[in-house]
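Participant: Let me give you the structure first, and then I'll get to my questions.
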Amino acid sequence: MIKGVFKAVSKKRKIAGDLVYTIGATVVMNAVLNLIVYPLINYRFGKDVSGSILNFIGVIYIIPQAVGASINNTRLVMRKTSETTNGDYTRLLSFFCVISAILCGWFGFAKTEDIVFSIFYGLFSIIYALRMYAQVEFRLKLLFSRYFWYNIIISAGYIVGLGLYFITGQWLLIFVVGELLALVYSFFIGDIFKRQASTGHSRQINKNVLLILLSTLIRDGVTQFDKVMVEQIISPGAVTEYHAVSLIAKTMQMLVTPINTLILSYLTVKDTKISRKAFNKFVLYGLGFGAFFYGVCLVGTPVFVKLFYGNLYDDVMQYNLLVNLALILGFVSNIFMGIMLSQGRTRMYTVIQTTWGVSYIGLSYWLATGYGLWGIIFSTLITNIAKMVVVLVASYKTIFYEKEISD
């Protein structure tokens, strides 16, 4: 009995430590980008240049990020029922990396009409997709201390790349240096890119990848909507304004990734189930953290904008209350979505994510054309409230209802 108690305490300590590592990794990377890289670009080159770079990076955070993350998450979901190897994912990863390069290269050329930049932008999308996929090694093996150092290396690379940008005038170097260093680290300390024979589960893998890819594209398309579409609908300067006032809340939103990393890593272990009681605790904790983070955002946003985007302070502080509320609701609902996915509800997850994403993009585009940034804010608030209600009702009606019948 005493041994069992010690084992339970040890497991809780491990989970708590892993949560610190995953959140720490996300915080460090985003601190480097949002407290050093983007403010310095805005200070040195102005909000239009900053907005243009955010626009290009927004596309990277949609297409190649979705490719790497969806195949990454598929490996985690698949292990709940089947043993798979690197060989099961190699062709799929290669195919989608090529598609990503073509789409990003086309976007780069459409924006700049510079063929050289477009080629390098497309190649960068491949590097980014591979880096996102490579993270699965740490998640499969629950090596979150290495995941932390993985992100530290990326962050250090961003700072080196920023210096190279100031010297050469090539902003892509900021991100290329960081992502390449991470891939080198992954290649030498892990085996995720080592050649292995496939196991023959391609049909189920392809099905899961397509479903998760669709929902991830929509999720990231919504998250990056302000970077990608606001420039077209309103102006490049408006991209920087929304980025400044929403940054604290978006940083909180980014904590969804490490939290869901932990949820998927632990709850996709074979034969692991979640009880109704445990899910109720998740809901209470999620709502409690959401309320706490909302308070942090309300206090932190004016301070952050004054310090790092002082020239925009008077223009953007009118959005503070509603921007933060809308984004924090999205943060909480995405945590609940992660729990749904961990229980194998891939189709339900995709339906909810797709419906929410299409609704958000359509409503945002319509409202933004008439009301500017207020239109983006109100569409975010409305769709995130609806998403939270739907995911909670769906979870209670599917996961636990089916379990009670099987019992």
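Participant: Looking at region 52-65, is at least one residue at pLDDT 75 or above, in contact with a Lys or Arg (Cβ under 8 Å, 6 or more places away or on another chain) and over 19 Å from residue 177 (Cα atoms)?
Facilitator: yes
Participant: Quick check on this structure: which one of 94, 70, 82 is at pLDDT 85 or above, more than 17 Å from the chain's Cα centre (by Cα) and polar (S, T, N, Q)? Steps first, answer last, please.
Facilitator: On the way: 70 fails: more than 17 Å from the chain's Cα centre (by Cα); 82 fails: at pLDDT 85 or above.
After ruling out the rest, the residue left standing is 94.
Participant: Still on this model: For residues that are crowded, with 20+ Cβ neighbours inside 10 Å and aromatic (Phe, Trp, Tyr), scanning just region 171-188, find the one that is nearest to residue 128 (Cα to Cα).
Facilitator: If we take residues in region 171-188 being crowded, with 20+ Cβ neighbours inside 10 Å and aromatic (Phe, Trp, Tyr), then 175 is nearest to residue 128 (Cα to Cα).
Participant: So residue 115 ticks every box in (1) over 30 Å from residue 202 (Cα atoms); (2) at pLDDT below 90 but one. Which box is left unticked?
Facilitator: (2)
Participant: Filter region 284-327 for residues that are within 22 Å of residue 396 (Cα to Cα), crowded, with 18+ Cβ neighbours inside 10 Å and at pLDDT 85 or above and give the result.
Facilitator: Here is the first cut: in region 284-327, the residues within 22 Å of residue 396 (Cα to Cα) are 284-290.
Restricting the remaining residues to those that are crowded, with 18+ Cβ neighbours inside 10 Å gives 286, 290.
290 - this is the single residue of region 284-327 that is within 22 Å of residue 396 (Cα to Cα), crowded, with 18+ Cβ neighbours inside 10 Å and at pLDDT 85 or above.
Participant: Working only within region 230-247, note down all residues that are in contact with a helix residue (DSSP H, G or I) (Cβ under 7 Å, 6 or more places away or on another chain) and among the small types (Gly, Ala, Ser).
Facilitator: Of everything in region 230-247, those that are in contact with a helix residue (DSSP H, G or I) (Cβ under 7 Å, 6 or more places away or on another chain) and among the small types (Gly, Ala, Ser) turn out to be 237, 238, 244, 246.
Participant: Go through (1) assigned to a helix (DSSP H, G or I); (2) at pLDDT below 90; (3) surrounded by 15 or more Cβ atoms within 10 Å (Cβ to Cβ) for residue 130 and report which single condition fails.
Facilitator: Condition (2) is where residue 130 drops out.
Participant: Here is a list: 163, 157. Which entry is among the small types (Gly, Ala, Ser), touching a helix residue (DSSP H, G or I) at 6+ places or on another chain (Cβ under 7 Å) and at pLDDT 90 or above?
Facilitator: On the way: 163 fails: touching a helix residue (DSSP H, G or I) at 6+ places or on another chain (Cβ under 7 Å).
The conditions single out 157.
Participant: Continuing with the same structure: Would you check which residues across region 91-104 are surrounded by fewer than 24 Cβ atoms within 10 Å (Cβ to Cβ) and in contact (Cβ under 8 Å) with a residue 40 or more places away in the chain and list them?
Facilitator: Matches in region 91-104: 92, 93, 96, 103.
Participant: Please go through region 197-253 and give me each residue that is within 25 Å of residue 375 (Cβ to Cβ) and not in a helix (DSSP H, G or I), ordered by number.
Facilitator: Hits for region 197-253 are 224, 229, 234, 235.
Participant: Could you look through region 341-351, keep only residues that are surrounded by fewer than 23 Cβ atoms within 10 Å (Cβ to Cβ) and among the hydrophobic types (A, V, I, L, M, F, W, C), and pick out the one that is nearest to residue 242 (Cα to Cα)?
Facilitator: 351
Participant: Output the number of residues of region 116-135 satisfying the condition of being of a type in the set (A, V, I, L, M) and touching a residue at least 40 places away in the same chain (Cβ under 8 Å).
Facilitator: Step one: list which residues in region 116-135 are of a type in the set (A, V, I, L, M), which gives 116, 119, 123, 126-127, 129-130, 132, 134.
Right, trim to touching a residue at least 40 places away in the same chain (Cβ under 8 Å) and you get 126-127, 129-130, 132, 134.
Residues that pass the stated criteria total 6.
Participant: Of all residues in region 364-378, which are surrounded by 23 or more Cβ atoms within 10 Å (Cβ to Cβ) and under 10 Å from residue 322 (Cβ atoms)?
Facilitator: Answer for region 364-378, where residues must be surrounded by 23 or more Cβ atoms within 10 Å (Cβ to Cβ) and under 10 Å from residue 322 (Cβ atoms): just 377.
Participant: Take the residues of region 136-187 that are outside any helix (DSSP H, G or I) and touching a residue at least 60 places away in the same chain (Cβ under 8 Å): which is farthest from residue 64 (Cα to Cα)?
Facilitator: Filtering first and then ranking leaves 142.
Participant: Ok, one more. Inspect region 128-138 for any residue being aliphatic (A, V, I, L, M) and more than 17 Å from the chain's Cα centre (by Cα) and give the result as yes or no. It would help to see each step written out before you state the result.
Facilitator: The first filter runs over region 128-138 and keeps only residues aliphatic (A, V, I, L, M), leaving 129-130, 132, 134, 136.
Add one more test, that the residue is more than 17 Å from the chain's Cα centre (by Cα), and what stays is none.
Within region 128-138, not a single residue is aliphatic (A, V, I, L, M) and more than 17 Å from the chain's Cα centre (by Cα).
Participant: Now a separate question. I'm trying to understand the selection: among the residues of region 297-350, which are in contact (Cβ under 8 Å) with a residue 24 or more places away in the chain and polar (S, T, N, Q)?
Facilitator: Just the residues of region 297-350 that are in contact (Cβ under 8 Å) with a residue 24 or more places away in the chain, to begin with: 297-298, 300-301, 304-305, 308-309, 311-312, 315-317, 319-320, 322-350.
If the condition is that a residue be in contact (Cβ under 8 Å) with a residue 24 or more places away in the chain and polar (S, T, N, Q), then 301, 311, 320, 324, 333, 334, 342, 343, 346, 350 are the ones that fit.
The values are calculated or read from the model by the stated rules, or taken from the named source; none is laboratory data. Everything quoted here is computed from the prediction, not taken from an experiment. For neighbour counting, all protein chains shown are included, and Cβ atoms are generated from backbone atoms with ideal geometry for every residue, glycine included.
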